[in-house]
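Heads up, the thing below is written out as structure tokens.
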Amino acid sequence: MHLDPLLPPLVGVVVIVLLLGLILQFFRQPQLVGYIITGIVIGPAGLGIVQDIALIEHLGALGVTLLLFFIGMEISPHQLVKGWRIAVFGTLFQIGISVMTTWAIGSFLDWSLARIILLGFVISLSSTAVVLKLLKDRNELETTSGQNVLMILLAQDLAIVPMLIIVSMMSGQSPDETLIYKQVFGGIAITLFAIWVVSHKNMKLPFAHHVKKDHELQLFAALLACFGFAFITGMLGLSAALGAFVGGLVVAAAKETDWVQHALEPLKIVFVALLFVSMGMLIDLHFIQQNILLLLSLLVGVLLTNTFINAIILKFLGNNWQDSLYSGALLSQIGEFSFVLATVGLQVGLISNFAYQTTIALIALTLLSSPVWIQASKIVITNFFKAEV
């Protein structure tokens, strides 16, 4: 009998995810921690069950797309319009203060201005996948903190485009003017379309009534609604996840969320899990062991700095201290798009290989520790304000 070579690693991954999931369920910890640990165990630095990190990363990227699609279906149009000020100013202030903080550190370490700006960009981006999954699991997406964080995360997805352009220019490379024009046009077009969708109350999806009774057709229709918009924004040089979010808005406006959510929920669970597994596979245990004190110092510094930077910004924008501090904790980790910036920075020579490995390890550690940090912060913040009352 011929044994498919994919079966052993597939069974191994499923077994490890299931066992870790049961353990984390007992300790009431989020499942995404188990996914990241699974990635460490099965990756090159662990048992080496799976070697093709790129494939897992590509599949995991679909998880972000599906997650944003579901968020788009659940978001309140009123809150979306109301939150534009938080999105724009919160993101701009966060990026600016992160760069200034990095400059204060880099000036002592004799870093170049290009490296300072790159690393400032890296630490300013939070994880859309981690934060939104935690908010959904805890039913906090409709809270004030949840809405503030969602707006900022969406703005960060747009900010990655000019960041990449700036990094390319600092390296001495001339950015593609055609691509820049396409991205600017795409950003304006997708924003205007989203505004139109939110304000339009009587939308209808084509062929929706033909697929309501056919589960197989529902699956493919739902996939088209999600990945169709993701494809359009991707072609415009923007984030595919941003397009998926707009696709979710369209589905919600057409009042077709029930069958779409039912059709895609299992796929979303699988691909989001693969995203976190791929993040775990990037963690190099040997490198962490050799530089443990440096990485732990940076980890604590990043979590504290990002928490308080975001809290102060949100307080300045009109939120109370309790919501601001909790939102700051939610945004404290370094996000998955920072992997992209760090990789580009290495390719164009703005950072050394050691700095790149340190950055990758730090991003992965913030993602792994983020759920625990957020939960601990929530307990401390809640008890503090109760005591104040």
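The values are calculated or read from the model by the stated rules, or taken from the named source; none is laboratory data. What you see is a predicted model; the values in this text were computed from it and never measured. All Cβ positions, even for glycine, are placed from backbone atoms using ideal geometry, and neighbour counts span all protein chains on display.
Among (1) surrounded by 23 or more Cβ atoms within 10 Å (Cβ to Cβ); (2) modelled with pLDDT of 90 or more, which single condition is Lys378 missing?
Going through (1) surrounded by 23 or more Cβ atoms within 10 Å (Cβ to Cβ); (2) modelled with pLDDT of 90 or more one by one, Lys378 breaks only (1).
Residues of segment 269-294 being surrounded by 19 or more Cβ atoms within 10 Å (Cβ to Cβ) and assigned to a helix (DSSP H, G or I), which ones?
Across segment 269-294, the qualifying residues are Phe271, Val272, Ala273, Leu274, Leu275, Phe276, Val277, Ser278, Met279, Gly280, Met281, Ile288.
Tell me which residues, restricted to segment 196-212, are touching a residue at least 40 places away in the same chain (Cβ under 8 Å) and either within 20 Å of Asp157 (Cα to Cα) or outside any loop (DSSP other than H, G, I, E, B) (or both). Give the steps one after another, and end with the answer.
In the first step, residues of segment 196-212 are kept if they are touching a residue at least 40 places away in the same chain (Cβ under 8 Å); the result is 197-201, 203-205, 208, 211-212.
Result: Val197, Val198, Ser199, Ala208, Val211.
Show me the helices (runs of 4 or more DSSP H) entirely contained within segment 53-126 in which 1 or more residues are under 15 Å from the mean Cα position of the chain (by Cα) and either under 18 Å from Ala241 (Cβ atoms) or among the hydrophobic types (A, V, I, L, M, F, W, C) (or both). Explain how you work it out, then say what you get.
Details: elements: 53-74, 77-82, 84-109, 113-124.
So the answer is 53-74, 84-109, 113-124.
Select, from Phe287, Phe245, Phe231, the only residue that is within 17 Å of the chain's Cα centre (by Cα) and either among the aromatic types (Phe, Trp, Tyr) or under 23 Å from Gly21 (Cα atoms) (or both). Can you show your working first?
Numbers: Phe287 fails: within 17 Å of the chain's Cα centre (by Cα); Phe231 fails: within 17 Å of the chain's Cα centre (by Cα).
Sole residue among the options that is within 17 Å of the chain's Cα centre (by Cα) and either among the aromatic types (Phe, Trp, Tyr) or under 23 Å from Gly21 (Cα atoms) (or both): Phe245.
Give segment 83-123 a look and list any residue that's under 26 Å from Ile195 (Cβ atoms) and touching a residue at least 40 places away in the same chain (Cβ under 8 Å), or say none.
Gly83, Trp84, Arg85, Ile86, Ala87, Val88, Phe89, Gly90, Thr91, Phe93, Gln94, Ile95
Only one of (1) of a type outside the set (D, E, K, R); (2) over 27 Å from Leu314 (Cα atoms); (3) in a helix (DSSP H, G or I); (4) out of contact with any Gly (no Cβ under 7 Å at 6 or more places or on another chain) is not met by Ser145, so which one is it?
Every listed condition holds for Ser145 apart from (2).
Output the number of the condition that Thr91 fails; it satisfies all remaining conditions of (1) surrounded by fewer than 19 Cβ atoms within 10 Å (Cβ to Cβ); (2) under 24 Å from Phe185 (Cα atoms); (3) among the polar types (S, T, N, Q).
Answer for Thr91: the failing condition is (1).
When the residues of segment 155-169 are narrowed to those that are modelled with pLDDT of 85 or more and within 12 Å of the chain's Cα centre (by Cα), which ends up surrounded by the fewest Cβ atoms within 10 Å (Cβ to Cβ)?
Going through the qualifying residues, I end up with Ala155.
Which one of Met151, Met203 is surrounded by 15 or more Cβ atoms within 10 Å (Cβ to Cβ), more than 24 Å from the chain's Cα centre (by Cα) and under 26 Å from Ala87 (Cβ atoms)?
Numbers: Met151 fails: more than 24 Å from the chain's Cα centre (by Cα).
After applying the criteria, what remains is Met203.
Could you pull out the residue among Ile195, Ile190 that is under 26 Å from Phe339 (Cβ atoms) and surrounded by 13 or more Cβ atoms within 10 Å (Cβ to Cβ)? Even if it seems obvious, please write down each step before you answer.
Values: Ile195 fails: under 26 Å from Phe339 (Cβ atoms).
Just one listed residue meets the conditions, Ile190.
Given the criteria of a type in the set (A, V, I, L, M), more than 20 Å from the chain's Cα centre (by Cα) and within 22 Å of Val13 (Cα to Cα), does Leu267 qualify?
Taking the combined requirement at face value, the residue does not satisfy it.
If we scan segment 43-52, do we find a residue that is closer than 30 Å to Leu223 by Cβ, touching a residue at least 24 places away in the same chain (Cβ under 8 Å) and in a helix (DSSP H, G or I)? Let's see the steps before the verdict.
The first filter runs over segment 43-52 and keeps only residues closer than 30 Å to Leu223 by Cβ, leaving 43, 49-52.
Next, from what is left, pick out any that are touching a residue at least 24 places away in the same chain (Cβ under 8 Å): 43, 49-50.
Right, trim to in a helix (DSSP H, G or I) and you get none.
There is no residue in segment 43-52 that is closer than 30 Å to Leu223 by Cβ, touching a residue at least 24 places away in the same chain (Cβ under 8 Å) and in a helix (DSSP H, G or I).
Condition first: under 24 Å from the mean Cα position of the chain (by Cα) and surrounded by fewer than 16 Cβ atoms within 10 Å (Cβ to Cβ). Now tell me which residues in segment 7-17 satisfy that.
Val14
Given the criterion closer than 16 Å to Thr102 by Cα, touching a helix residue (DSSP H, G or I) at 6+ places or on another chain (Cβ under 9 Å), of a type outside the set (Lys, Arg) and touching a residue at least 24 places away in the same chain (Cβ under 8 Å), identify the matching residue among Gly335, Gly345.
Result: Gly345 is the single residue among Gly335, Gly345 that is closer than 16 Å to Thr102 by Cα, touching a helix residue (DSSP H, G or I) at 6+ places or on another chain (Cβ under 9 Å), of a type outside the set (Lys, Arg) and touching a residue at least 24 places away in the same chain (Cβ under 8 Å).
Please name all residue pairs, on different chains or six or more residues apart, with Cβ atoms under 8 Å, provided the first residue is in segment 17-34 and is under 14 Å from Asp137 (Cα atoms) and the second residue is crowded, with 17+ Cβ neighbours inside 10 Å and among the basic types (Lys, Arg).
Pro30/Lys133; Leu32/Lys133
Go through (1) in a helix (DSSP H, G or I); (2) surrounded by 14 or more Cβ atoms within 10 Å (Cβ to Cβ) and name the single condition Gly237 misses.
Failed condition: (1).
Across segment 22-42, which residue is surrounded by the most Cβ atoms within 10 Å (Cβ to Cβ) among those that are in a helix (DSSP H, G or I) and among the polar types (S, T, N, Q)? Quick ask: steps written out before the conclusion?
Residues of segment 22-42 that are in a helix (DSSP H, G or I), as a first pass: 22-26, 31-42.
Filter once more, so that each one left must be among the polar types (S, T, N, Q): 25, 31, 38.
Values: Gln25: 12, Gln31: 18, Thr38: 29.
Looking at the filtered set, the residue picked out is Thr38.
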